[in-house]
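Read the structure below first, then the notes.
The values are calculated or read from the model by the stated rules, or taken from the named source; none is laboratory data. Quick caveat: nothing in here was measured; it's all calculated off a predicted structure. Methodologically, a virtual Cβ is constructed for each residue, glycine included, from the backbone with ideal geometry; neighbour enumeration extends over all protein chains shown.
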């Protein structure tokens, strides 16, 4: 039976009745899931994961780490080579139809019927999930308004910008009131106002008992939104915990962010004592380093020797990206 959605006050209603036994079960549980692609040898291996009801769980890892593969398995889009998973106690391998009905899915690169309107696309998904016509129309009207798409609901999707397409995908994932949401890079491409609206909605959903598995490398988003996070590296979970617990693992580490007038060759910076890694992001150089007296001055001197003209400099506390670098020796996000 599909979930009802009332959507009053910006919140979803959970299923009307759940037994005490059901409420003690995790919303999502993955057990030793493995899935490798023969062509590349990449995928996931022995992934264990547990997301409780009302919990927002962040999944982080660089491109190729296995995030999207894991979400595809958990959404029943592909079968694992080994292991299994349960959604609200329902076996994801033998009862796929029940699992799909209780889930909402947003992929990293949403695809739509371009010649249909945004409303028609969303209505198709809502009805496919089993929503009654009147409830689907009410839920979609509220969501289109919430995400500032009401004005464009009857425009063909081929006229939508990338960000508008992402908001439509969020609407499609949420409209039927799922118990579990799987989101792959949901905020990427959203403008600032839309990001805030999306985060408010996620907090409201979690407050009503919805479990959210969020794959994202937006460090600020994961730190502020997620109750727990896990790092995937080369297909395996290498660390898991609350953001605060994970960050506590890099005591004694600092990040220096230097904004340069123009990009420069920065290789010599790695020779500065205490510098662990240098990651360029546009005109910024992000330097991961030990916390020791004089290291900021040494880093600045190294940038100047490299020909860099510093227009802004900040010394920041460690974040989840620093944790990943310490654990793996690799950057969380692709270098620019």
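Structural remarks
- Scanning segment 69-85 for residues that are in a strand (DSSP E or B) and buried (at least 19 other Cβ atoms within 10 Å of the Cβ) yields a single hit, 85.
- Annotation: residue 260 fulfils all but one of (1) more than 25 Å from residue 34 (Cα to Cα); (2) assigned by TED's automatic domain parsing to the domain that holds residue 139; (3) in contact with a helix residue (DSSP H, G or I) (Cβ under 8 Å, 6 or more places away or on another chain); the unmet one is (2).
- Total residues in segment 47-68 satisfying the condition of being within 29 Å of residue 24 (Cβ to Cβ), surrounded by fewer than 19 Cβ atoms within 10 Å (Cβ to Cβ) and out of contact with any helix residue (DSSP H, G or I) (no Cβ under 6 Å at 6 or more places or on another chain): the figure is 3.
- Residues in segment 160-186 that are out of contact with any strand residue (DSSP E or B) (no Cβ under 6 Å at 6 or more places or on another chain) and over 19 Å from residue 111 (Cβ atoms): 177, 179.
- Scanning segment 305-334 for residues that are within 25 Å of residue 243 (Cβ to Cβ), free of Cβ contacts under 8 Å to residues at least 60 places away in the same chain and assigned to a strand (DSSP E or B) returns a single hit, 314.
- For first residues located in segment 55-67 and touching a residue at least 12 places away in the same chain (Cβ under 8 Å), partners that are in a helix (DSSP H, G or I) and lie 6+ apart or on another chain with Cβ distances below 6 Å form the pairs 56/206; 56/225; 58/222; 59/67; 61/67.
- Among (1) touching a helix residue (DSSP H, G or I) at 6+ places or on another chain (Cβ under 9 Å); (2) surrounded by 15 or more Cβ atoms within 10 Å (Cβ to Cβ); (3) farther than 15 Å from residue 49 by Cβ, the one test that residue 102 misses: (1)
Each row is one residue, and each column tells you yes or no for (1) surrounded by fewer than 13 Cβ atoms within 10 Å (Cβ to Cβ); (2) closer than 18 Å to residue 230 by Cβ.
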residue: 290; (1), (2): yes, no
residue: 293; (1), (2): yes, no
residue: 302; (1), (2): no, no
residue: 317; (1), (2): yes, no
residue: 320; (1), (2): no, yes
residue: 327; (1), (2): no, yes
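- Out of 127, 119, 97, one residue alone is assigned by TED's automatic domain parsing to the domain that holds residue 172, touching a residue at least 24 places away in the same chain (Cβ under 8 Å) and assigned to a helix (DSSP H, G or I). It is 119.
- Matching strands (runs of 3 or more DSSP E) fully within segment 189-282 where at least 3 residues are within 20 Å of the chain's Cα centre (by Cα) and surrounded by fewer than 19 Cβ atoms within 10 Å (Cβ to Cβ): 236-241
- Scanning segment 131-184 for residues that are assigned to a strand (DSSP E or B) and closer than 21 Å to residue 114 by Cβ gives 156, 184.
- Exactly one residue out of 149, 93 is in contact with a helix residue (DSSP H, G or I) (Cβ under 8 Å, 6 or more places away or on another chain) and either within 23 Å of residue 202 (Cβ to Cβ) or modelled with pLDDT of 95 or more (or both), and it is 149.
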